[in-house]
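Values quoted throughout were computed directly from the atomic coordinates according to the rules given, and no laboratory measurement underlies them. Only a predicted model underlies this, so the values are computations on that prediction, with no experimental measurement involved. Reconstructed Cβ throughout: ideal geometry from the backbone, glycine too, with neighbour counts over all protein chains shown.
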Amino acid sequence: MAAVFINPTGNNSGPSGLFSRPHGAFPELEPRYLQCTCCWRSRVPVAGFETLNANLIPTAPCTDDLSLDTCFTADQREVILRTLNNATELELAGVKLLRGRKSVNIVDYRTKNGPFRSLESVVNVPLLKHKSALVVFNSILNPLKKEKKVKVQLMKFIKPEVDRAWLEEATSIVSIICGTNKVAWAHVDRGMMVLDWQQLDCPNFLKGTYIASSYLNDISNVVSQLPPADFYLVEKPSISLQNTTLFPIMAHMRSVEAMLFALLEPKIYQTDSNTPPRVLNMMRLAVGRHFGLMVGESRTSGAQAVRQMMTDSVTQKLPRLNFPQDLLLKYRNAFQMGRGRGGEELCDALLQAVAFYELLSESSR
């Protein structure tokens, strides 16, 4: 169906085409209609120009030659000035480009000079020039919607369920990661200090048909070297049941996991209900999401996150994690790009320990 504009008066004659008007005259801003060319009966009204213009931001580009006040409508100027004159320093910091010194400068300026009378006067504020002021004004008019942060429930990622009070009273934990040929662990205390961090090769893993005695030798060797702690966190890997090629890996992981639980859990827990379990599972996916390592349902390497924490330990006053000097020297070149994935278990053991403490802290707020 084709459509043409017609004048509602019905006078469509003359050389002026779609708009009937005297030659050389500007078309009147009157309502127009879309007319069906098939039946010539249906008429669909088209909004007048004034309706459209009222909802449009001026299309003229705002350059350094134009006053900031001419770039916005009267209503928009009122909203911007009201925010700049009344918002607190903390509220201003939530506006794009105003975090830090700029929000402080705005409050100082209006305290000394009174409220802003025009948008152009804002460029007198230190660190705020024409282009940055435009960004600030548009951010005030169109604030970004902050996504509501979902409160993380640590208990959803720890199995078996443990009374929160027991977890909060723990002075240190040992985070354990089982690989296909090694086991790594990180001993971290509540002050976020790394007390121990190492791994052991397990030559009998995935050899033969999961010979129990061979597995027991390797795992017993690991357990004998684990430091004492209030809790031992064993990673619960996320292996798809639909991928049958991973069944041997799944059987291996479950075997190692079961032996660690059996060797590390004191017998008193089985008979005394007032004693908390000492060995816990922590979900691998939860740690990956906490550090932003997930791509779809797959988890990427955590080496970069660990390198950053090691760097921050010596450059930041309040680092996320503290490393003793000997461990920094030992592993300073272990997680560099291009060195393969030999240290993944070490990285994952450390990230799991950090995620445990941080998720516990977040979920208690």
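List of remarks:
- Rounded to the nearest Hz, the phi-derived 3J(HN,Hα) couplings of the stretch 217-231 under the Karplus curve 6.51 cos²θ - 1.76 cosθ + 1.60 (θ = phi - 60°) are 4, 5, 6, 5, 5, 5, 4, 5, 9, 6, x, x, 7, 6, 9, where x marks glycine and proline.
- Taken over the stretch 98-255, lysine pairs spaced eight or more positions apart, or on distinct chains, with alpha carbons under 20 Å apart number 10.
- Rounded to the nearest 0.05, the FRET efficiency derived from the C-beta distance between residue 274 and residue 198 at R0 = 41 Å is 0.75.
- Karplus-derived 3J(HN,Hα), 6.51/-1.76/1.60, for each residue of the stretch 67-84, Hz, glycine and proline x: 5, 4, 5, 7, 7, 9, 6, 4, 5, 5, 4, 4, 5, 5, 5, 4, 5, 5
- Note that the stretch 205-216 has calculated 3J(HN,Hα) couplings of 5, 6, 9, x, 10, 6, 5, 4, 5, 5, 4, 5 Hz, one per residue in order, obtained from phi through the Karplus relation 6.51 cos²θ - 1.76 cosθ + 1.60 (θ = phi - 60°); glycine and proline are x.
- Interchain or long-range residues, amide H under 5 Å from residue 283's placed H: 236
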